1. Any residue at all in the range 25-34 that is in a helix (DSSP H, G or I) and either hydroxyl-bearing (S, T, Y) or at pLDDT below 95 (or both)?
2. Of all residues in the range 130-164, how many are over 18 Å from I91 (Cα atoms) and not small (G, A, S)?
3. Pull out all pairs, ordered by first then second residue, where Cβ-Cβ is under 6 Å, the residues are six or more apart or on different chains, the first lies in the range 78-102 and is over 30 Å from V53 (Cβ atoms), and the second is among the aliphatic types (A, V, I, L, M) and assigned to a strand (DSSP E or B).
4. So, in the range 112-143, exactly how many residues are farther than 19 Å from D158 by Cα and of a type outside the set (V, I, T)?
5. When V117 is evaluated against the numbered criteria (1) in a strand (DSSP E or B); (2) surrounded by 15 or more Cβ atoms within 10 Å (Cβ to Cβ); (3) touching a helix residue (DSSP H, G or I) at 6+ places or on another chain (Cβ under 8 Å), which criterion, by number, is the only one it fails?
6. M73 versus (1) surrounded by fewer than 17 Cβ atoms within 10 Å (Cβ to Cβ); (2) at pLDDT 90 or above; (3) under 18 Å from the mean Cα position of the chain (by Cα): which is the lone unmet condition?
7. For the range 125-153, give me the residue count where each residue is part of a strand (DSSP E or B), under 17 Å from the mean Cα position of the chain (by Cα) and touching a residue at least 40 places away in the same chain (Cβ under 8 Å).
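The values are calculated or read from the model by the stated rules, or taken from the named source; none is laboratory data. Here the structure is a predicted model, which is why all the values come from computation and not from measurement. Note that each Cβ is placed from the backbone with ideal geometry, even for glycine, and that neighbours are counted across all protein chains shown.
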Amino acid sequence: MHRIVFAVLLVLVLPTARPQVPARDAGQMDTRHTTFNISELNGIPVAGRTNAVLGLDYEALVNVSVDHRVYTMHRLIVDRARHLYYGYDLIAMPSEQPSRVSLHFAPLSDLESFKGVHFEALSPGRDSTPLTDRVVDLGVAVILPVITGRDGATVLSDELRFGS
């Protein structure tokens with residue numbers, strides 16, 4: 001009898017011991033967010049803010065590298081509960097059109113620049129939305145869905161503003 005009671009308690013306790021991505025039926029995004037500012041990305045200042053569903057245990061990091069005078073922003077999001085990482089590279093360049101910026105996205109590279117992140121304990125996340133290149137207005141918020149759920153709802157997004 002004691003073994004059966006213990007097994008039932010174990011089943012009831014274990015699923016809540018590790019936080020999972022919460023249900024999104026209310027569509028609530030976390031009021032806690034992370035922000036970053038890059039003073040110059042190829043001549044363009046960038047301000048960013050990460051928004052996530054309530055309860056998502058994540059870490060958001062950003063690095064910038066330069067290669068042949070072109071600055072690339074490397075964005076990394078670590079989902080600590082599911083041991084997954086997501087990310088993208090972004091090159092922002094002044095557009096030929098006044099007051100606009102060209103955005104070029106690529107898969108996350110330069111993982112070794114994220115010191116202290118133990119990638120051997122993480123797997124690449126697959127439930128992210130591919131980011132498409134675009135031209136945007138300076139000062140207007142660009143929302144990038146970084147992690148999406150199976151139902152297509154956004155779990156985590158980056159909000160970027162370019163320009164002063």
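1. Residues of the range 25-34 in a helix (DSSP H, G or I): none.
No, the range 25-34 contains no residue that is in a helix (DSSP H, G or I) and either hydroxyl-bearing (S, T, Y) or at pLDDT below 95 (or both).
2. Total satisfying the criteria: 7.
3. Qualifying pairs under 6 Å: S95/V101; S95/V135; R100/V135; S102/M93; S102/V135.
4. We begin by selecting, within the range 112-143, every residue farther than 19 Å from D158 by Cα; these are 112-113, 115-123.
With of a type outside the set (V, I, T) added as a condition, the list becomes 112-113, 115-116, 118-123.
Summing the residues that are farther than 19 Å from D158 by Cα and of a type outside the set (V, I, T) in the range 112-143 gives 10.
5. (1)
6. Going through (1) surrounded by fewer than 17 Cβ atoms within 10 Å (Cβ to Cβ); (2) at pLDDT 90 or above; (3) under 18 Å from the mean Cα position of the chain (by Cα) one by one, M73 breaks only (1).
7. Residues that pass the stated criteria total 3.
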